[in-house]
Amino acid sequence: MPHREGGRPQPAPDPAGHEPAREEVLVERARAGDVEAFTALVERYEVPVYNLCLQLVGQPADAADVAQEVFLRVYTHLARFRGDARFRTWLYRVAVNTCRDELRRRSRRPAPAAAPPSGRHRGGDAGDGGSGDPVRAVLAREAGAEVQAALGRLPEPFRAAVVLRDVHGLSYQEVAAVLGVATGTAKSRVHRGRVLLRDMLAAAGWLPGRGEGGETP
Amino acid sequence: MTGGLGHVDRWLNDWLDGTLSEARHRAVERHLAACPRCRARADGLRGTVQGLRTLAPAEPPPGFAARVRQRIEALGAGTGAAGHPEAEAVPASFPVGLPVVTRLAAWLRRGGWGPAVAAAAVLVFLVWAAGQWLSGAPGPMGVGGSGGVPLPVAGSEAGAGPEQRASGAGEQVVDSMAAANPASGAEATSGAGLASDADRPGSVRPPGDAETASQVQAQDPAGRMLIRTGRLEMSVPDVEAAYRAAEAVARRHGGFVQNARVDRNGPMQEARLTLRVPDDRLETVMDELGELAPGARVDARSIDAQDISREYVDARARVENLRAQEARLRELASRAGDVEELLRVEQELWRVRGEIEQLEGQIRFWDQAVRLATVEVFLKGAGTVSPEPPGTVWERARQAFVRSLLRLGSLGQGTVVLVAALLPYAALVGLGGGVWLWWRRRGAAG
């Protein structure tokens with residue numbers, strides 16, 4: 001099965017269809033100074049932006065501040081958004097830059113992300129094939145907090161790339177655009193980050209994959 | 001078969017993303033089926049990605065959107081394009097240029113330096129304007145003297161040419177030999193030469209009465225050949241101005257500056273000039289030089305005359321004898337019998353000719369020396385000896401201010417030169433540092 005992109009859950013409420021058109025309308029109105037429209041955009045994106053900030057900055061209180069800052073920057077610079085990129089990509093880029101500013105300001109490593117309030121992990125409900133795989137079943141039930149913690153320990157470049165790609169479901173092209181790097185660079189950062197994460201989780205005993213063989217393919 | 005591939009670590013991510021080609025994908029799957037090590041790694045990677053994809057999103061704090069809206073409305077006008085002072089990391093669009101450039105732009109936009117630069121500029125301008133006003137104001141500051149002579153650097157210390165100030169303890173030599181002589185001076189000189197030449201033939205007369213000449217006076221009516229040299233030592237308030245005034249005096253009387261040098265040694269300044277002026281104007285020139293500048297004081301004045309009448313007459317007589325001999329030799333040469341005789345005559349002819357030319361050169365030199373007297377002027381700075389001339393507090397403060405400004409100026413010049421000298425190295429170091437920073441930033445912030 002060569003192509004498995006489709007089955008991934010989309011954190012951003014951005015189903016295909018007439019939604020992008022409505023988003024463009026909202027952006028246009030917000031750019032004209034319509035606070036209502038912009039608030040609608042905020043409501044649409046507050047969850048992914050807040051989570052992105054949380055995953056990059058680490059602490060919930062800081063993440064809330066940074067996320068607010070992100071939306072303020074977006075609002076004040078909407079005029080500069082020329083629409084030659086998707087609004088979501090631009091928004092993510094602003095968010096990543098703001099988080100980097102925050103990290104630079106603090107110039108210390110963020111503490112590992114605390115477990116989110118809704119700490120329950122969405123179990124093995126994402127039918128990503130092979131639902132009978134015991135390893136993934138275990139992961140799905142118990143590893144959410146561990147994954148969060150491991151993400152917090154991941155070096156920043158890889159963390160941002162992995163979070164954008166695998167948590168927020170951006171394509172490699174979008175990741176590259178958000179990070180302002182070439183697509184190949186984005187890809188290699190994602191891959192390297194995944195491997196680092198896997199090794200961290202395996203070292204913590206959550207995964208096989210560091211030598212000892214598993215039974216199932 | 002996949003055996004040839006070895007382990008498939010490098011393909012695992014693409015295998016997971018489903019971006020491998022069909023054949024490669026199948027090959028990886030086959031290898032995974034056969035290799036427990038790679039299978040474990042693949043499972044781990046898949047588990048990791050699965051864990052990331054199924055991370056439950058955290059809920060933002062309640063009232064998040066409302067809080068954002070409050071802050072937006074607090075910004076004031078609802079124009080989306082309002083400048084937000086804190087915003088700096090917002091990309092204009094894609095693609096945004098070099099990170100260094102954007103960071104620099106952000107730093108510039110952050111402001112704070114703007115008012116400081118403006119204030120500094122105003123301050124510098126004020127100081128400069130004060131310097132201009134103080135040094136440009138007429139008054140005793142310019143110790144001395146324009147004295148009516150149209151000098152470009154009359155009087156003010158600030159006006160002293162930059163090369164003068166830069167010369168420091170060095171020396172400045174101005175050699176303006178006859179070649180650099182202004183046309184007017186040359187004409188006047190030749191005019192005087194003609195006048196002298198008019199009675200020169202008469203000077204080849206019996207040297208008897210020339211012996212009695214002892215007086216040092218103007219043009220000798222008896223046609224005595226006198227080479228006269230005047231010497232003048234003066235203290236002047238402003239050496240530079242007096243120096244130029246002396247040049248002007250020489251030029252006005254149809255003379256020229258043969259040699260001149262200005263030495264500056266710390267606060268002391270000296271100038272030596274050798275002027276050539278028509279002999280009949282020597283006294284006038286000396287008088288005018290004595291009143292060169294308002295504060296000038298003549299320390300020593302002398303005129304020497306060297307009577308060369310006898311030598312001159314001797315030389316003329318010898319030239320005439322030699323010419324006669326030359327004529328005889330030529331006649332001999334035309335009648336020479338054999339080649340050897342001819343050669344001997346020719347040789348003698350050459351010798352005579354050389355002697356004639358040597359004597360004629362000497363005579364020409366005497367002619368000029370007699371026609372143009374030499375004036376040696378030694379100027380020494382009187383004003384610079386006492387650096388604190390009496391004056392009101394205001395005057396002294398003004399001078400001190402201008403002096404400090406000048407020193408600051410030369411310091412600034414030195415700094416500029418130093419910076420220029422260091423610039424290539426700095427560029428190299430900056431390049432290396434920039435690359436290093438970029439590399440580090442790329443590693444830390446990607």
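Here the condition is being farther than 28 Å from B:Glu270 by Cβ and touching a Phe, Trp or Tyr at 6+ places or on another chain (Cβ under 8 Å); of B:Trp350, B:Trp436, B:Trp366, B:Trp394, it holds for B:Trp366 alone. Can you find even one residue in the stretch B:25-42 that is closer than 25 Å to A:Gln55 by Cβ and at pLDDT below 85? Within the stretch B:25-42 (the criterion being closer than 25 Å to A:Gln55 by Cβ and at pLDDT below 85), the answer is no, since none of the residues qualifies. If you go through the stretch B:349-373 and pick out every residue that is among the polar types (S, T, N, Q) and either closer than 16 Å to B:Asp263 by Cα or at pLDDT below 90 (or both), you end up with 1.
The condition (being surrounded by fewer than 24 Cβ atoms within 10 Å (Cβ to Cβ), modelled with pLDDT of 80 or more and closer than 24 Å to A:Glu156 by Cα) is satisfied by just one residue among A:Val47, A:Val35, A:Val57, A:Val70: A:Val47.
Each row is one residue, and each column tells you yes or no for (1) over 60 Å from the mean Cα position of the chain (by Cα); (2) facing another protein chain (nearest Cβ under 8 Å); (3) under 20 Å from A:Met200 (Cβ atoms); (4) in contact (Cβ under 8 Å) with a residue 24 or more places away in the chain.
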site	(1), (2), (3), (4)
B:His7	yes, no, no, yes
B:Asp17	yes, yes, no, no
B:Arg30	yes, no, no, yes
B:Arg53	yes, yes, yes, no
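Condition check for A:Leu207 on (1) of a type in the set (A, V, I, L, M, F, W, C); (2) under 17 Å from B:Cys38 (Cα atoms); (3) modelled with pLDDT of 90 or more: one failure, at (3). Looking across the stretch A:53-85, the residues that are under 22 Å from B:Glu73 (Cα atoms), more than 7 Å from every other protein chain (Cβ to nearest Cβ) and among the β-branched types (Val, Ile, Thr) come down to A:Val66, A:Val70, A:Val74. Here B:Leu282 meets the list (1) in a strand (DSSP E or B); (2) crowded, with 22+ Cβ neighbours inside 10 Å almost entirely, failing just condition (1). Among residues of the stretch B:30-76 being buried (at least 17 other Cβ atoms within 10 Å of the Cβ) and of a type in the set (Gly, Ala, Ser), the one that is farthest from A:Arg198 (Cα to Cα) is B:Ala65. Residues in the stretch A:19-52 that are of a type outside the set (A, V, I, L, M), farther than 24 Å from B:Pro62 by Cβ and facing chain B (nearest Cβ under 9 Å): how many? Of the residues in the stretch A:19-52, 3 are of a type outside the set (A, V, I, L, M), farther than 24 Å from B:Pro62 by Cβ and facing chain B (nearest Cβ under 9 Å).
The values are calculated or read from the model by the stated rules, or taken from the named source; none is laboratory data. Note that the structure is predicted; figures quoted are calculated from it, not measured. As a convention, Cβ positions derive from the backbone with ideal geometry for all residues, glycine included, and neighbour counts pool all protein chains shown.
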